[in-house]
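A quick write-up on the structure given underneath.
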Amino acid sequence: MLNRAQRLRERGIEPRLEVILVGDDPASAIYVRNKEKDCAECGILGNTRRLPANTRQDELLALIAALNGDPGVHGILIQQPFPPGLDTFTITGAVDPNKDVDALHPENVGLIALDRPRFLPCTPAGVMALLDIAGIDLKGKHCVVVGRSHIVGKPMMQLLLARHATVTVCHSRTRDLGEVTRQADILVSAVGKLALITGDMVKPGAVVVDVAMNKNLEGKLAGDVVFSEAEPIASYITPVPGGVGPMTRAILMQNTILAAERRSI
Ligand code: NAP
């Protein structure tokens, strides 16, 4: 990535990511700081705009419009969750789709659904990268995704389908979650509930990918899966922290470089 950023610089283009953080959610503040570090490591100019929680929607939309119109800005990301009073659909839809490195603009969501992504959805693409690095074949495998959010669960389903997996998606109204997860050759959990997935919910030999980032009783980062129970049963399992999170961050950097490269053609 550093090489690609360097090549852009040699042509007078400084890849630039603008992150907007509204409010003072402590987890979001950490994620944004991590993005700043990642940008610095990848040769991207990362700039964070920190706005108060009472920022009005029209003020935020005006800032997004200004960044959309600035040719020096290649990527725009608005850190979620938003404080109450801000409409997610309106805000994500206001970002120029060619700068939407988080792949949440309706046009980019549609392109992902049509298997023609302009930008890869960061977390699901990070999961796919982990599976590929581990050499896990997806064709014909039964993948169970727990969670159906726009950011993780749904695009995860689409990327897995595009790779010819058979996909089941579970959510809060799924009856007998364990009954479904026990059928999974590949289980991806993206809920945000500590200890939701216990060892008896994992099929022996399954691949287990834990997307979630929860705080455990000691205040440390932990996933949805009870790692100590699932690890001896699974053929492959991702830890939290140190699993999906860093891959998500890498895909965001990749999308930003890609946006800059496209603008420079
Ligand atoms: P979200 O928008 O809150 O979605 C959670 C999903 O889990 C919803 O679809 C919900 O179902 C489902 N759910 C809730 N309780 C359930 C239960 N008991 N059984 C089955 N499904 C249940 O969360 P998100 O933004 O997708 O994030 C999910 C987790 O991933 C969080 O811990 C978040 O911090 C983490 N995350 C990690 C990364 C990373 O880089 N590692 C990136 C993004 C998010 P309904 O739709 O029915 O409500």
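List of remarks:
- Options T198, T238, T256: the member that is polar (S, T, N, Q), open to solvent by less than 50 Å² (accessible area, probe 1.4 Å) and more than 24 Å from R33 (Cα to Cα): T198
- Number of positions in region 220-252 that are more than 10 Å from the ligand (Cβ to nearest atom), part of a helix (DSSP H, G or I) and in contact with a strand residue (DSSP E or B) (Cβ under 8 Å, 6 or more places away or on another chain): 2
- In summary, A5 fulfils each of the numbered conditions (1) farther than 23 Å from S149 by Cα; (2) surrounded by 19 or more Cβ atoms within 10 Å (Cβ to Cβ); (3) in contact with an Asp or Glu (Cβ under 8 Å, 6 or more places away or on another chain) with the single exception of condition (3).
- Residue selected from region 241-253 under the condition in contact with a Lys or Arg (Cβ under 9 Å, 6 or more places away or on another chain) and farther than 20 Å from R9 by Cβ, by the criterion surrounded by the fewest Cβ atoms within 10 Å (Cβ to Cβ): P241
- Residues located in region 172-193, provided they are within 9 Å of the ligand (Cβ to nearest atom) and either over 19 Å from the mean Cα position of the chain (by Cα) or surrounded by 15 or more Cβ atoms within 10 Å (Cβ to Cβ) (or both): S172, R173, T174, L177, S189, A190, V191, G192
- Condition met for R163 (open to solvent by 40 Å² or more (accessible area, probe 1.4 Å), basic (K, R) and closer than 21 Å to L114 by Cα): yes
- Leading residue by the ranking (most open to solvent (accessible area, probe 1.4 Å)) among those in region 90-114 that are out of contact with any helix residue (DSSP H, G or I) (no Cβ under 8 Å at 6 or more places or on another chain) and outside any loop (DSSP other than H, G, I, E, B): L111
- Checked against the criteria, L131 does not count as surrounded by fewer than 21 Cβ atoms within 10 Å (Cβ to Cβ), more than 10 Å from the ligand (Cβ to nearest atom), within 21 Å of the chain's Cα centre (by Cα) and closer than 25 Å to V101 by Cα.
- Test: R263 is more than 9 Å from the ligand (Cβ to nearest atom) and open to solvent by 70 Å² or more (accessible area, probe 1.4 Å): yes
- Residue in region 65-82 that is assigned to a loop (DSSP other than H, G, I, E, B), touching a strand residue (DSSP E or B) at 6+ places or on another chain (Cβ under 9 Å) and loosely packed, with under 15 Cβ neighbours inside 10 Å present: yes
- When we screen V169, V209, V145 for residues that are surrounded by fewer than 24 Cβ atoms within 10 Å (Cβ to Cβ), within 11 Å of the ligand (Cβ to nearest atom) and not in a loop (DSSP other than H, G, I, E, B), the only hit is V169.
- If you filter region 1-60 down to residues that are part of a strand (DSSP E or B) and of a type in the set (V, I, T), you find that the one that is farthest from A212 (Cα to Cα) is T48.
- Some residue of region 148-164 being assigned to a loop (DSSP other than H, G, I, E, B) and in contact with a Gly (Cβ under 6 Å, 6 or more places away or on another chain): no
The values are calculated or read from the model by the stated rules, or taken from the named source; none is laboratory data. What you see is a predicted model; the values in this text were computed from it and never measured. Heads up, the Cβs are rebuilt from the backbone with ideal geometry, glycines too, and the neighbour counts pull from every protein chain shown. Quick note on the areas: whole protein, heavy atoms, side chains included, nothing else; ligands and nucleic acids left out. Shrake-Rupley method; radii C 1.70, N 1.55, O 1.52, S 1.80 Å.
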